[in-house]
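Q: Dropping the structure in here first, questions after.
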């Protein structure tokens with residue numbers, strides 16, 4: 001309690017500001033890109049042929065959606 005909260009906040013701001021400046025754009029891009037890419041994956045699944053939908057059933061969406069989202073996050077970064 002010897003150091004006021006304002007001083008701690010100021011020091012944290014000085015230390016975190018460069019990190020936030022370097023990573024803010026990529027973080028905001030991921031926040032926007034991942035939901036859009038999930039919607040794109042759903043749209044592609046919807047328009048896919050019946051044979052492909054049978055091969056990739058919706059109940060297994062986590063199996064094929066997680067690698068898709070990981071690839072999209074890697075592309076965003």
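Just so it is clear, none of the values below were taken in a lab; they were calculated from the coordinates. Note that the structure is a prediction, hence the values are computed from the model and not measured. We place every Cβ from the backbone using ideal geometry, glycine too, and count neighbours over all the protein chains shown.
Q: Can you tell me the orientation of helix 5-47 relative to the chain, as the angle in degrees between its alpha-carbon axis and the longest Cα principal axis, to the nearest 10?
A: Computed tilt is about 10 degrees.
Q: What span do the alpha-carbon atoms of the chain cover on each of the three principal axes, reported in whole Å from largest to smallest?
A: 68, 24, 14
Q: Mind giving me the nanometre distance, one decimal, between the label points for residue 70 and residue 38, set 7 Å out from Cα along Cα→Cβ?
A: Here the answer is 1.7 nm between the modelled labels.
Q: Taking 7 Å along the Cα-to-C-beta vector as the label spot, tell me the residue 77-residue 3 distance in nanometres, rounded to one decimal.
A: In this crude spin-label approximation the distance works out to 3.0 nm.
Q: Can you tell me the orientation of helix 61-76 relative to the chain, as the angle in degrees between its alpha-carbon axis and the longest Cα principal axis, to the nearest 10?
A: So the inclination is approximately 50 degrees.
Q: Next question, about the same structure. Suppose R0 equals 35 Å; then what is the FRET efficiency for residue 48 and residue 25 from their Cβ-Cβ distance, rounded to the nearest 0.05?
A: 0.60
Q: Separate question: Given contacts defined as C-alpha pairs under 8 Å and at least six residues apart, what's the relative contact order of the chain, whole-number percent?
A: 46
Q: Here's another thing I want to ask about it. In a Gaussian network model over the chain where Cα atoms closer than 10 Å are linked, find which of 13, 62, 42 has the largest mean-square fluctuation.
A: Sorting by GNM fluctuation, first place goes to 13.
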